[in-house]
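Student: Starting off with a structure, shown below.
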Amino acid sequence: MPPTSPEGDYAPVPRQGWWNRNWKWAVSVGCLGLLGSCFCFAAIVVGWGYASFKDMGAYTEAIAEAQEDPHVQQALGGTFKAGFPRDSQVSSINGHTHAEFVVPLDGPKADGTLHAVADKDDDTWTFRTLFVQLEDGSRIDLLETGEAPPEEEVPHELEPGVPPNGTEPSEPPAQKRPGHDHDIEL
């Protein structure tokens with residue numbers, strides 16, 4: 001007869017290590033933690049970018065122009081909230097800054113979209129494009145002053161078909177032949 005152990009045939013199975021017992025939830029929590037960290041980092045970067053964009057002079061000037069315009073106030077129903085800018089580009093080269101952005105506007109009566117293109121030389125922003133596009137497709141140009149720009153007068157020397165001395169040409173100019181640019185006609 002074989003020797004018997006004090007516990008009999010039901011001896012305890014050796015206990016497994018921590019990893020063998022808990023690997024399923026450890027991997028799940030680790031993956032979720034990594035994903036959450038990436039999301040938080042992205043949110044911080046977007047928030048920092050948005051905050052710095054809102055502090056940019058072109059953005060603040062464009063929003064101020066839209067808020068002061070009576071046509072925009074009437075169309076949107078008074079004061080409005082500016083939303084999160086989209087389609088924005090800002091580039092700076094040798095002291096010249098160029099900005100393009102689109103900002104949704106949420107008014108009590110209607111919604112619209114502010115479109116702006118601006119350039120900055122030294123400390124002043126100059127808007128090349130600044131308008132509000134309404135939901136119905138109409139536009140309110142914020143750069144328009146209501147008066148027609150003066151037409152430029154073309155100097156007499158630059159008018160097409162009239163020679164600089166004011167007389168009609170008697171014969172057409174001689175045509176140059178290809179490859180003979182150095183020929184001089186006397």
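Student: Whole-Hz ³J(HN,Hα) for each residue in region 74-90, computed from phi via Karplus 6.51 cos²θ - 1.76 cosθ + 1.60 with θ = phi - 60°, x for glycine and proline: what do you get?
Tutor: With coefficients 6.51, -1.76 and 1.60, one gets 5, 5, 8, x, x, 6, 9, 9, 7, x, 6, x, 9, 6, 9, 9, 9 Hz.
Student: What order, most packed first, do the peptides 31-44, 65-78, 122-135, 104-117 have when packing is the mean number of other Cβ atoms within 10 Å of each residue?
Tutor: Numbers: 31-44: 10.0, 65-78: 16.1, 122-135: 14.4, 104-117: 17.9.
My ranking of the peptides, most packed first, is 104-117, 65-78, 122-135, 31-44.
Student: With charges set only on the Cβ (+1 for Lys and Arg, -1 for Asp and Glu), what does the dipole of region 57-141 come to about its Cα centre, in debye to the nearest 20?
Tutor: On the way: 6 positive and 15 negative charges, 44 e Å.
Here the size comes out at about 220 debye.
Student: Continuing with this model, one more query. Just the projected area, averaged over all directions, of the convex hull on the alpha carbon atoms of region 57-141: how many nm²?
Tutor: Numbers: hull surface 20.7 nm².
The directionally averaged projection comes out at 5.2 nm².
Coordinate-derived values only; no laboratory data. Being a predicted model, the structure only gives us computed values, none of them experimental. Using ideal geometry, Cβ is built from the backbone for each residue, glycine included, and neighbour counts are taken over all protein chains shown.
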